[in-house]
Structure formats: structure tokens, C-alpha cells
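Peer 1: Handing you a structure now.
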């Protein structure tokens with residue numbers, strides 16, 4: 001669109017229609033975001049990953065000698081310790097079972113800022129019953145480039161829309177309940193000999 005047409009395009013937009021279009025656009029955007037998160041949830045449920053469910057750490061004694069700074073003294077044994085770590089075999093599960101959930105976003109605010117030029121004029125008005133009244137009325141029009149150039153009116157933009165989008169927790173119906181059943185029987189006992 002050429003710059004000279006911007007003022008004409010804005011003049012043709014009814015304010016109520018502008019607000020409705022923005023609200024509809026936000027609603028369409030919200031629906032698209034929600035459906036995208038649901039599709040991501042389905043992909044995560046069908047994506048296999050290998051997870052290491054358990055890491056064991058065992059503290060074992062490891063004594064060592066420390067030299068004594070006094071000459072002629074033998075080194076001293078100090079009780080030390082070392083941590084030995086071992087991982088269990090990887091288990092295959094879905095990315096959803098592993099705890100990965102899609103992020104849901106929600107539009108929380110939408111601000112519409114319009115810059116208009118307001119003029120007070122004496123005019124005559126006729127209501128729907130045909131009654132005439134006269135007085136001083138306020139008239140508003142968009143700020144266009146002709147007004148800006150003719151009257152040295154400083155304006156950065158004729159209209160702007162600010163939208164704030166924030167992450168929100170998923171709906172409780174979307175987030176699945178995971179039930180883990182231990183079918184291995186009794187847990188093995190670990191004994192440490194001293």
C-alpha cells in the first residue's frame with residue numbers, strides 16, 4: 001500500500017469493526033496456539049526416548065597418607081572417602097512419560113492505541129424523531145499525513161496494537177495422569193558391611 005493511501009484506508013475503517021477484527025484475530029491466534037500445543041502433546045506421546053531411571057552412588061573408604069610438616073615424623077594415615085556412581089540400564093518410554101509437556105500460551109492483554117485529531121465545532125444535529133438541536137460538538141478524525149504536513153502535527157503512527165502473551169499451565173484434562181505399577185515384586189535390600 002502506498003503511503004498516500006494510508007490515511008484513506010484508516011478513514012474507511014469503522015472503530016467498532018476495528019475492535020471486532022482485532023478481537024477476532026486474537027481469538028483465532030489463541031485457538032491456533034492451543035491446537036499447536038495439543039499436537040505437540042500427541043507427538044510427545046508417540047516419541048520414544050531412553051531414560052536412565054536410577055543412578056546409585058556408593059561412598060567407599062579410601063584412606064590416604066598426609067606428610068607431617070615436622071621433620072623426622074612419619075606420614076599420618078587419614079580416613080578418606082570416594083563416591084562410586086553407577087547408572088541402571090536405560091529404559092525406553094515416551095517423551096510424555098519422561099515428563100516433557102508442551103507449553104501453553106494465552107493472550108492476557110490487548111491494548112489498542114489510536115491517535116486521533118479532535119475538533120470542537122458548532123453544528124446542528126437531527127435525532128431519529130426529526131427533532132433538531134444545535135450546540136458545540138466534538139468531531140474526531142484519524143491523524144493523516146496531510147494534517148501532519150499542513151499543521152506541523154507530530155505523530156509517530158496513526159494506530160498501534162500491543163498484545164501480551166504469557167505461558168500458562170496446561171488444562172488438567174490435557175495433562176495425563178501417569179500411574180506406575182511395580183511388577184518386579186519386593187525391592188531388594190542393600191546391606192553395607194563395615
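The values are calculated or read from the model by the stated rules, or taken from the named source; none is laboratory data. Just so it is clear, the structure is predicted and the values come from calculations on it, not from any experiment. Methodologically, a virtual Cβ is constructed for each residue, glycine included, from the backbone with ideal geometry; neighbour enumeration extends over all protein chains shown.
Peer 1: Kindly evaluate residue 40 against the criterion of being in contact (Cβ under 8 Å) with a residue 12 or more places away in the chain, within 30 Å of residue 165 (Cβ to Cβ) and in a strand (DSSP E or B).
Peer 2: No, not satisfied.
Peer 1: Let me ask you something else. Answer with yes or no whether residue 108 is at pLDDT below 85 and more than 37 Å from the chain's Cα centre (by Cα).
Peer 2: Values: at pLDDT below 85: yes; more than 37 Å from the chain's Cα centre (by Cα): no.
No.
Peer 1: Report whether or not residue 179 is within 30 Å of residue 36 (Cβ to Cβ), in contact with a helix residue (DSSP H, G or I) (Cβ under 9 Å, 6 or more places away or on another chain) and modelled with pLDDT of 65 or more.
Peer 2: no
Peer 1: Something else: Given the conditions (1) assigned to a strand (DSSP E or B); (2) at pLDDT 70 or above; (3) exposed (fewer than 10 other Cβ atoms within 10 Å of the Cβ), and given that residue 130 satisfies all but one, which numbered condition is not satisfied?
Peer 2: So the condition that residue 130 fails would be (1).
Peer 1: Which residues, counting only those in the stretch 54-104, are touching a helix residue (DSSP H, G or I) at 6+ places or on another chain (Cβ under 8 Å), assigned to a strand (DSSP E or B) and modelled with pLDDT of 90 or more?
Peer 2: Matches in the stretch 54-104: 94 only.
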